[in-house]
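Worksheet: the structure to be examined is printed underneath.
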Amino acid sequence: MKSVVYSRTGDPSVLQLVDRDVIEPGPGEVRVRILVSGVNPTDWKSRLGSGDGAAPPFPEVTPNQDGAGVVDAVGEGVADLIVGDRVWVYLAGHQRPTGTAQEYTNLPAVRVVRLPEGTEFDVGACLGVPAMTAHRALTVSEDSPARLHPGAQAGKVVLVAGGAGAVGHAAIQLARWAGATVITTISSPAKAALAKAAGAHHVINYRDGKAANTIRKVAPDGVDLVVEVAIGANSKLNIEVIKPRAAIAIYANDGGSEFTLDVRQNMIKNVRYQFVLLYTVGKAALEAAIEDVTLAVGDGALPVGEDAGLPLHRFPLANTADAHQAVQDGAVGKVLIDVP
Ligand SMILES: NC(=O)c1ccc[n+]([C@@H]2O[C@H](COP(=O)([O-])OP(=O)(O)OC[C@H]3O[C@@H](n4cnc5c(N)ncnc54)[C@H](OP(=O)(O)O)[C@@H]3O)[C@@H](O)[C@H]2O)c1
(Lines give C-alpha, C1' and ligand atoms only; values in the text may rest on other atoms or scores of the structure.)
Protein backbone atom coordinates (compact mmCIF):
# COMPACT_ATOMS: atom_id res chain seq x y z
CA MET A 1 0.00 0.00 0.00
CA LYS A 2 0.98 3.65 -0.38
CA SER A 3 1.80 5.32 2.90
CA VAL A 4 3.16 8.72 3.90
CA VAL A 5 5.67 8.56 6.75
CA TYR A 6 8.23 10.62 8.61
CA SER A 7 11.06 9.33 10.74
CA ARG A 8 12.36 12.66 11.96
CA THR A 9 10.40 15.77 12.84
CA GLY A 10 10.73 18.90 10.75
CA ASP A 11 9.28 20.91 7.88
CA PRO A 12 6.94 19.23 5.36
CA SER A 13 9.90 17.87 3.39
CA VAL A 14 10.32 15.12 6.04
CA LEU A 15 7.16 13.50 4.67
CA GLN A 16 7.94 10.61 2.32
CA LEU A 17 5.60 8.58 0.12
CA VAL A 18 6.60 4.93 0.54
CA ASP A 19 5.28 1.39 -0.06
CA ARG A 20 4.44 -0.58 3.05
CA ASP A 21 2.84 -3.95 3.78
CA VAL A 22 -0.79 -4.08 4.79
CA ILE A 23 -0.90 -5.40 8.38
CA GLU A 24 -3.56 -7.63 9.95
CA PRO A 25 -5.50 -5.89 12.75
CA GLY A 26 -4.69 -7.10 16.27
CA PRO A 27 -7.28 -8.00 18.94
CA GLY A 28 -9.72 -5.14 19.42
CA GLU A 29 -8.45 -3.39 16.31
CA VAL A 30 -10.02 -2.55 12.97
CA ARG A 31 -8.30 -1.99 9.65
CA VAL A 32 -9.80 0.86 7.66
CA ARG A 33 -9.28 1.48 3.96
CA ILE A 34 -8.87 5.24 4.20
CA LEU A 35 -10.42 7.20 1.34
CA VAL A 36 -10.19 10.75 2.65
CA SER A 37 -7.69 11.99 5.22
CA GLY A 38 -8.43 15.25 7.08
CA VAL A 39 -5.59 17.58 8.06
CA ASN A 40 -5.68 19.64 11.25
CA PRO A 41 -3.16 22.05 12.80
CA THR A 42 -2.24 19.34 15.34
CA ASP A 43 -0.92 17.20 12.47
CA TRP A 44 1.68 19.69 11.27
CA LYS A 45 2.53 20.66 14.85
CA SER A 46 3.30 17.00 15.67
CA ARG A 47 5.29 16.62 12.44
CA LEU A 48 7.26 19.80 13.14
CA GLY A 49 7.92 18.84 16.77
CA SER A 50 10.05 21.31 18.64
CA GLY A 51 11.74 22.30 15.39
CA ASP A 52 15.11 20.75 16.20
CA GLY A 53 14.74 17.63 14.04
CA ALA A 54 14.29 15.33 17.04
CA ALA A 55 13.01 11.79 16.53
CA PRO A 56 9.22 11.31 16.62
CA PRO A 57 7.77 8.99 19.29
CA PHE A 58 7.89 5.98 16.91
CA PRO A 59 10.60 5.03 14.41
CA GLU A 60 8.18 5.84 11.60
CA VAL A 61 4.99 7.88 11.90
CA THR A 62 2.12 8.28 9.45
CA PRO A 63 0.54 11.70 10.05
CA ASN A 64 -3.08 12.87 10.39
CA GLN A 65 -5.56 12.06 13.12
CA ASP A 66 -8.79 12.28 11.11
CA GLY A 67 -10.16 10.40 8.15
CA ALA A 68 -12.97 8.41 6.62
CA GLY A 69 -13.21 5.19 4.67
CA VAL A 70 -14.43 1.62 4.76
CA VAL A 71 -13.75 -1.15 7.29
CA ASP A 72 -11.52 -3.65 5.55
CA ALA A 73 -10.78 -6.18 8.31
CA VAL A 74 -11.69 -6.61 11.97
CA GLY A 75 -9.54 -8.11 14.70
CA GLU A 76 -10.51 -10.63 17.34
CA GLY A 77 -13.15 -9.43 19.80
CA VAL A 78 -14.53 -6.59 17.66
CA ALA A 79 -18.30 -6.91 17.82
CA ASP A 80 -19.72 -3.58 16.66
CA LEU A 81 -18.14 -3.19 13.23
CA ILE A 82 -18.07 -5.41 10.15
CA VAL A 83 -16.17 -5.43 6.90
CA GLY A 84 -17.76 -2.96 4.49
CA ASP A 85 -18.97 -0.48 7.12
CA ARG A 86 -18.52 3.12 6.01
CA VAL A 87 -16.79 4.90 8.90
CA TRP A 88 -15.05 8.00 10.23
CA VAL A 89 -12.08 7.75 12.53
CA TYR A 90 -10.69 9.97 15.27
CA LEU A 91 -7.37 10.17 17.12
CA ALA A 92 -5.99 7.62 14.66
CA GLY A 93 -2.40 8.54 15.46
CA HIS A 94 -2.73 9.29 19.16
CA GLN A 95 -0.01 7.34 21.01
CA ARG A 96 0.41 5.13 17.96
CA PRO A 97 2.10 5.60 14.60
CA THR A 98 -0.98 4.89 12.50
CA GLY A 99 -2.35 8.14 11.10
CA THR A 100 -4.67 8.38 8.12
CA ALA A 101 -2.25 9.49 5.38
CA GLN A 102 -2.07 5.96 3.99
CA GLU A 103 -4.31 3.51 2.16
CA TYR A 104 -4.92 1.19 5.11
CA THR A 105 -4.60 2.01 8.78
CA ASN A 106 -5.17 -0.15 11.86
CA LEU A 107 -6.67 1.43 14.93
CA PRO A 108 -8.59 0.53 18.08
CA ALA A 109 -12.24 -0.19 17.28
CA VAL A 110 -13.39 2.54 19.71
CA ARG A 111 -11.83 5.13 17.43
CA VAL A 112 -13.83 3.94 14.41
CA VAL A 113 -17.40 5.21 14.11
CA ARG A 114 -20.03 4.18 11.60
CA LEU A 115 -21.18 7.02 9.30
CA PRO A 116 -24.93 7.59 9.20
CA GLU A 117 -26.41 6.35 5.93
CA GLY A 118 -25.83 8.61 2.96
CA THR A 119 -23.09 10.67 4.63
CA GLU A 120 -20.22 11.59 2.35
CA PHE A 121 -16.67 10.58 3.27
CA ASP A 122 -15.68 14.27 3.06
CA VAL A 123 -18.00 14.99 6.01
CA GLY A 124 -16.52 12.04 7.91
CA ALA A 125 -12.97 13.28 7.40
CA CYS A 126 -13.89 16.68 8.90
CA LEU A 127 -15.42 15.35 12.12
CA GLY A 128 -12.72 14.02 14.45
CA VAL A 129 -10.67 16.90 15.77
CA PRO A 130 -12.95 19.84 14.85
CA ALA A 131 -16.39 18.47 15.74
CA MET A 132 -15.32 16.56 18.85
CA THR A 133 -13.43 19.59 20.17
CA ALA A 134 -16.41 21.81 19.43
CA HIS A 135 -18.70 19.33 21.19
CA ARG A 136 -16.60 19.39 24.35
CA ALA A 137 -16.44 23.19 24.30
CA LEU A 138 -20.21 23.42 23.96
CA THR A 139 -20.97 21.05 26.83
CA VAL A 140 -18.92 22.34 29.77
CA SER A 141 -21.22 25.09 30.98
CA GLU A 142 -22.77 24.92 34.45
CA ASP A 143 -26.10 26.23 33.20
CA SER A 144 -26.29 24.42 29.84
CA PRO A 145 -26.83 20.72 29.20
CA ALA A 146 -23.86 18.37 29.08
CA ARG A 147 -25.21 16.70 25.96
CA LEU A 148 -26.31 18.12 22.61
CA HIS A 149 -29.47 17.30 20.70
CA PRO A 150 -32.09 19.43 18.96
CA GLY A 151 -33.48 21.88 21.52
CA ALA A 152 -30.76 21.18 24.13
CA GLN A 153 -29.50 24.75 23.94
CA ALA A 154 -32.82 26.48 23.27
CA GLY A 155 -32.78 29.91 24.88
CA LYS A 156 -28.99 29.91 25.24
CA VAL A 157 -26.63 32.35 23.55
CA VAL A 158 -23.33 30.93 22.35
CA LEU A 159 -20.41 33.08 21.21
CA VAL A 160 -18.03 31.27 18.85
CA ALA A 161 -14.73 33.10 18.40
CA GLY A 162 -13.36 32.64 14.88
CA GLY A 163 -16.39 31.21 13.12
CA ALA A 164 -14.55 30.68 9.82
CA GLY A 165 -12.06 28.29 11.44
CA ALA A 166 -12.53 24.53 11.28
CA VAL A 167 -13.41 24.14 14.96
CA GLY A 168 -15.39 27.39 14.93
CA HIS A 169 -17.37 26.13 11.94
CA ALA A 170 -18.27 22.89 13.72
CA ALA A 171 -19.17 24.82 16.87
CA ILE A 172 -21.55 27.08 14.95
CA GLN A 173 -23.21 24.08 13.28
CA LEU A 174 -23.56 22.05 16.48
CA ALA A 175 -24.84 24.99 18.54
CA ARG A 176 -27.30 25.94 15.83
CA TRP A 177 -28.52 22.33 15.60
CA ALA A 178 -28.90 22.28 19.38
CA GLY A 179 -31.15 25.36 19.24
CA ALA A 180 -28.83 28.09 20.53
CA THR A 181 -28.65 31.63 19.28
CA VAL A 182 -25.21 31.72 17.74
CA ILE A 183 -22.99 34.78 17.58
CA THR A 184 -19.58 34.51 15.96
CA THR A 185 -16.58 36.75 15.42
CA ILE A 186 -14.53 36.92 12.22
CA SER A 187 -11.93 39.25 10.69
CA SER A 188 -13.12 39.90 7.12
CA PRO A 189 -16.24 40.06 4.91
CA ALA A 190 -15.22 36.81 3.18
CA LYS A 191 -15.04 35.00 6.52
CA ALA A 192 -18.33 36.63 7.54
CA ALA A 193 -19.99 35.01 4.52
CA LEU A 194 -18.61 31.61 5.52
CA ALA A 195 -19.77 31.93 9.12
CA LYS A 196 -23.21 32.98 7.94
CA ALA A 197 -23.34 29.99 5.59
CA ALA A 198 -22.41 27.75 8.55
CA GLY A 199 -25.55 28.97 10.30
CA ALA A 200 -24.46 31.77 12.65
CA HIS A 201 -27.32 34.15 13.49
CA HIS A 202 -25.02 37.13 14.11
CA VAL A 203 -21.60 37.63 12.54
CA ILE A 204 -19.37 40.34 13.99
CA ASN A 205 -15.97 41.62 12.90
CA TYR A 206 -13.76 41.54 16.00
CA ARG A 207 -11.29 43.96 14.41
CA ASP A 208 -13.62 46.95 14.07
CA GLY A 209 -13.31 48.02 17.72
CA LYS A 210 -17.07 47.75 18.28
CA ALA A 211 -17.45 44.02 18.85
CA ALA A 212 -18.47 44.24 22.53
CA ASN A 213 -21.14 46.86 21.80
CA THR A 214 -22.50 44.92 18.86
CA ILE A 215 -22.65 41.68 20.84
CA ARG A 216 -24.42 43.43 23.71
CA LYS A 217 -26.97 44.82 21.24
CA VAL A 218 -27.85 41.40 19.84
CA ALA A 219 -27.62 39.67 23.25
CA PRO A 220 -28.68 42.27 25.83
CA ASP A 221 -28.84 39.66 28.62
CA GLY A 222 -25.37 38.39 27.79
CA VAL A 223 -23.72 35.29 26.42
CA ASP A 224 -24.04 31.92 28.18
CA LEU A 225 -21.08 30.15 26.68
CA VAL A 226 -17.96 31.15 24.74
CA VAL A 227 -16.08 28.76 22.43
CA GLU A 228 -12.65 30.40 22.46
CA VAL A 229 -9.78 30.09 19.98
CA ALA A 230 -7.75 33.13 21.12
CA ILE A 231 -8.19 33.79 24.81
CA GLY A 232 -5.28 36.23 25.04
CA ALA A 233 -6.81 38.47 22.41
CA ASN A 234 -10.41 38.03 23.55
CA SER A 235 -10.47 37.76 27.34
CA LYS A 236 -11.46 41.40 27.79
CA LEU A 237 -14.20 41.14 25.16
CA ASN A 238 -15.52 37.96 26.77
CA ILE A 239 -15.85 39.43 30.24
CA GLU A 240 -17.72 42.41 28.77
CA VAL A 241 -20.37 40.30 27.07
CA ILE A 242 -20.94 37.21 29.23
CA LYS A 243 -23.74 36.55 31.69
CA PRO A 244 -23.12 35.55 35.30
CA ARG A 245 -22.09 31.85 35.50
CA ALA A 246 -21.10 31.79 31.85
CA ALA A 247 -18.47 29.29 30.74
CA ILE A 248 -15.49 30.09 28.54
CA ALA A 249 -14.10 26.99 26.84
CA ILE A 250 -10.56 27.53 25.57
CA TYR A 251 -9.21 25.14 22.95
CA ALA A 252 -6.23 26.95 21.44
CA ASN A 253 -3.16 28.63 22.84
CA ASP A 254 -3.24 31.86 20.91
CA GLY A 255 0.20 31.37 19.41
CA GLY A 256 1.60 30.46 22.83
CA SER A 257 0.71 33.71 24.53
CA GLU A 258 -0.18 34.06 28.19
CA PHE A 259 -3.20 36.00 29.39
CA THR A 260 -4.14 37.79 32.55
CA LEU A 261 -7.51 37.86 34.25
CA ASP A 262 -9.17 40.63 36.20
CA VAL A 263 -10.00 38.55 39.27
CA ARG A 264 -12.74 40.84 40.53
CA GLN A 265 -14.57 41.04 37.20
CA ASN A 266 -14.40 37.27 36.79
CA MET A 267 -15.47 36.70 40.37
CA ILE A 268 -18.44 39.04 40.04
CA LYS A 269 -19.64 36.98 37.11
CA ASN A 270 -18.81 33.58 38.62
CA VAL A 271 -17.06 32.72 35.38
CA ARG A 272 -16.08 29.14 34.68
CA TYR A 273 -12.96 28.64 32.52
CA GLN A 274 -12.65 25.22 30.95
CA PHE A 275 -9.53 24.32 29.00
CA VAL A 276 -10.05 21.74 26.28
CA LEU A 277 -7.55 19.34 24.73
CA LEU A 278 -9.03 16.45 22.82
CA TYR A 279 -6.11 14.11 23.54
CA THR A 280 -6.68 14.18 27.30
CA VAL A 281 -10.39 14.97 27.50
CA GLY A 282 -11.23 11.49 28.77
CA LYS A 283 -13.39 8.55 27.77
CA ALA A 284 -16.76 9.92 28.89
CA ALA A 285 -16.37 13.16 26.93
CA LEU A 286 -15.20 11.29 23.81
CA GLU A 287 -18.16 8.90 24.00
CA ALA A 288 -20.61 11.76 24.46
CA ALA A 289 -19.09 13.57 21.49
CA ILE A 290 -19.29 10.50 19.26
CA GLU A 291 -22.96 9.92 20.06
CA ASP A 292 -24.06 13.53 19.71
CA VAL A 293 -21.94 14.27 16.64
CA THR A 294 -23.25 11.12 14.95
CA LEU A 295 -26.81 12.24 15.69
CA ALA A 296 -26.07 15.68 14.24
CA VAL A 297 -24.49 14.17 11.11
CA GLY A 298 -27.54 11.93 10.70
CA ASP A 299 -29.71 15.06 10.85
CA GLY A 300 -27.62 16.61 8.07
CA ALA A 301 -26.47 19.32 10.49
CA LEU A 302 -22.73 19.15 9.77
CA PRO A 303 -22.34 19.68 6.01
CA VAL A 304 -19.00 20.79 4.58
CA GLY A 305 -17.95 22.68 1.45
CA GLU A 306 -18.10 26.34 0.47
CA ASP A 307 -21.92 26.48 0.51
CA ALA A 308 -21.88 25.22 4.10
CA GLY A 309 -19.16 27.69 5.15
CA LEU A 310 -16.19 25.32 4.99
CA PRO A 311 -14.40 25.45 1.61
CA LEU A 312 -12.53 22.22 0.88
CA HIS A 313 -8.96 22.19 -0.42
CA ARG A 314 -8.00 18.80 -1.88
CA PHE A 315 -4.59 17.24 -2.35
CA PRO A 316 -3.54 13.79 -3.59
CA LEU A 317 -1.75 11.52 -1.09
CA ALA A 318 1.56 12.06 -2.89
CA ASN A 319 1.26 15.79 -2.07
CA THR A 320 0.66 15.38 1.66
CA ALA A 321 3.55 17.80 2.27
CA ASP A 322 1.65 20.51 0.35
CA ALA A 323 -1.49 19.72 2.32
CA HIS A 324 0.40 20.17 5.59
CA GLN A 325 1.92 23.40 4.34
CA ALA A 326 -1.52 24.72 3.40
CA VAL A 327 -2.84 24.14 6.92
CA GLN A 328 0.31 25.62 8.41
CA ASP A 329 -0.18 28.68 6.20
CA GLY A 330 -3.70 29.16 7.57
CA ALA A 331 -5.85 27.83 4.72
CA VAL A 332 -9.41 29.03 5.19
CA GLY A 333 -11.68 26.00 5.28
CA LYS A 334 -10.63 22.38 5.42
CA VAL A 335 -7.67 20.62 3.85
CA LEU A 336 -8.42 17.07 2.69
CA ILE A 337 -6.21 14.41 1.16
CA ASP A 338 -7.66 11.97 -1.38
CA VAL A 339 -6.18 8.56 -0.74
CA PRO A 340 -6.11 6.56 -4.00
N1 LIG B 1 -7.44 21.86 22.19
C2 LIG B 1 -7.79 21.03 21.22
O3 LIG B 1 -8.12 19.87 21.45
C4 LIG B 1 -7.78 21.55 19.82
C5 LIG B 1 -8.58 20.94 18.84
C6 LIG B 1 -8.60 21.50 17.58
C7 LIG B 1 -7.82 22.60 17.28
N8 LIG B 1 -7.03 23.12 18.24
C9 LIG B 1 -6.21 24.33 17.94
O10 LIG B 1 -7.14 25.35 17.69
C11 LIG B 1 -6.61 26.25 16.73
C12 LIG B 1 -7.62 26.43 15.60
O13 LIG B 1 -7.79 25.20 14.91
P14 LIG B 1 -8.65 25.17 13.59
O15 LIG B 1 -8.45 23.85 12.95
O16 LIG B 1 -10.03 25.66 13.84
O17 LIG B 1 -7.84 26.27 12.74
P18 LIG B 1 -8.30 27.27 11.60
O19 LIG B 1 -9.25 26.60 10.69
O20 LIG B 1 -7.05 27.84 11.03
O21 LIG B 1 -9.08 28.40 12.39
C22 LIG B 1 -8.52 29.29 13.27
C23 LIG B 1 -9.44 30.52 13.28
O24 LIG B 1 -9.16 31.34 14.40
C25 LIG B 1 -9.44 32.67 14.00
N26 LIG B 1 -8.86 33.63 14.93
C27 LIG B 1 -7.57 33.91 15.17
N28 LIG B 1 -7.47 34.88 16.10
C29 LIG B 1 -8.73 35.22 16.45
C30 LIG B 1 -9.28 36.17 17.36
N31 LIG B 1 -8.51 36.97 18.10
N32 LIG B 1 -10.63 36.21 17.49
C33 LIG B 1 -11.42 35.43 16.76
N34 LIG B 1 -10.95 34.51 15.87
C35 LIG B 1 -9.62 34.42 15.72
C36 LIG B 1 -8.86 32.71 12.59
O37 LIG B 1 -9.39 33.70 11.76
P38 LIG B 1 -8.84 35.20 11.72
O39 LIG B 1 -7.35 35.15 12.04
O40 LIG B 1 -9.12 35.71 10.39
O41 LIG B 1 -9.64 35.84 12.75
C42 LIG B 1 -9.30 31.37 12.04
O43 LIG B 1 -10.54 31.46 11.39
C44 LIG B 1 -5.26 25.66 16.31
O45 LIG B 1 -4.25 26.29 17.07
C46 LIG B 1 -5.36 24.22 16.71
O47 LIG B 1 -4.11 23.60 16.96
C48 LIG B 1 -6.99 22.63 19.50
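The values are calculated or read from the model by the stated rules, or taken from the named source; none is laboratory data. Owing to the predicted nature of the structure, the values given are computational and were not obtained by experimental measurement. Quick reminder, even Gly has a Cβ in these numbers, built from the backbone with ideal geometry, and neighbours come from all protein chains shown. For the accessible areas, the whole protein counts, side chains as well, though only heavy atoms, and no ligand, DNA or RNA atoms are used. Shrake-Rupley method; radii C 1.70, N 1.55, O 1.52, S 1.80 Å.
The per residue volume of the convex hull around the alpha-carbon atoms of the chain is 125 Å³. Every helix of 4 or more DSSP H residues in the chain counts as -39500 (n - 2.57), and over all residues that averages to -7500 deg cm²/dmol at 222 nm.
Charge tally for Pro189 (other residues, Cβ to Cβ under 12 Å; Lys, Arg +1; Asp, Glu -1): +2.
How many Å² of accessible area per residue for region 199-241, probe 1.4 Å? Mind showing how you got there, number by number?
Values: 2000 Å² over 43 residues.
I get 47 Å² per residue for region 199-241.
In straight-distance terms, cross-link reach from Lys196 covers every one of the aspartates and glutamates whose alpha-carbon lies under 12 Å from its own, apart from those fewer than eight places away in the same chain; here that gives Glu306, Asp307. Residues in region 42-57, backbone N under 15 Å from the label point at Gln16 (7 Å along the Cα-to-beta-carbon vector): list them, ranges by number please. The answer is 55-56.
Within the same chain, lysines fewer than 8 places from Lys156 are excluded, and of the rest, those with a Cα less than 16 Å from its Cα are Lys217, Lys243. Here the accessible area of the chain is 52 percent carbon and sulfur, with a 1.4 angstrom probe and all protein chains present.
For the pair Tyr279 and Lys217, a Förster radius of 35 Å applied to the C-beta separation gives a FRET efficiency near 0.35, rounded to the nearest 0.05. Of the trypsin sites (Lys or Arg not before Pro) found in region 207-249, those in coil by DSSP whose Cβ has at most 16 other Cβ atoms within 10 Å are Arg207, Lys210. In this structure the amide hydrogen of Lys334, modeled in the peptide plane, comes within under 5 Å of the amide hydrogens of Leu312, His313, none closer than 5 places in sequence on its chain.
Sorting Thr9, Thr181, Thr260 by solvent-accessible area of protein heavy atoms yields Thr260, Thr181, Thr9, largest first, with a 1.4 Å probe. Rounding to the nearest 10 and keeping the result within 0 to 90°, find how far the Cα-based axis of helix 283-298 lies from the longest principal axis of the chain. Approximately 90 degrees, to the nearest ten. Restricting the GluC sites (Glu not before Pro) of region 228-332 to loop positions (DSSP other than H, G, I, E, B) with no more than 15 neighbouring Cβ atoms within 10 Å leaves Glu258. Distance between the 7 Å Cα→Cβ label points at Gln265 and Arg245: 2.3 nm.
Enter the accessible area per residue of region 100-176 (Å², integer; probe 1.4 Å; all protein chains in place).
Values: 2210 Å² over 77 residues.
Averaged over the residues of region 100-176, the accessible area is 29 Å².
For region 1-123, the orientation-averaged shadow of the C-alpha convex hull comes to 7.1 nm² (one quarter of the hull surface). Relative protection proxy for 160-169, 69-78, from highest mean packing down: 160-169, 69-78 (other beta-carbon atoms within 10 angstrom). Rounded to the nearest 5, what % of DSSP beta bridges with both residues in the chain are antiparallel? So the antiparallel bridges amount to about 55 percent of the total.
From largest accessible area down, sort Ser46, Ser141; use a 1.4 Å probe on the protein chains.
The ranking, largest first, comes out as Ser46, Ser141.
Determine, from the Cβ-Cβ distance of Asp322 and Val70 and an R0 of 30 Å, the FRET efficiency 1/(1 + (r/R0)^6), rounded to the nearest 0.05. Once the sixth-power term is evaluated, E becomes 0.70.
For the pair Ala331 and Asn253 in one chain, pulling the backbone fully straight at 0.36 nm per residue adds 26.2 nm over the alpha carbon distance.
The charge dipole of region 7-66, taken about its Cα centre with unit charges on the Cβ atoms of Lys, Arg (+1), Asp and Glu (-1) only, comes to about 100 debye. Quick one: angle between helix 231-241 and the longest Cα principal axis of the chain, in degrees between 0 and 90, rounded to 10, please. In the chain, helix 231-241 runs at an angle near 40 degrees to the longest axis.
Taking a ≥ b ≥ c as the square roots of the eigenvalues of the Cα gyration tensor, region 128-266 is rounded, since a/c falls below 1.5.
Counting charges near Val22 (Lys, Arg +1; Asp, Glu -1) among other residues having Cβ under 14 Å from its Cβ returns a value of -2. In the full protein context, region 271-318 carries 50 Å² of accessible surface per residue, based on a 1.4 Å probe and ignoring ligands, DNA and RNA. The Arg147 and Leu81 beta-carbon pair, evaluated with R₀ = 22 Å, returns a calculated FRET efficiency of approximately 0.40.
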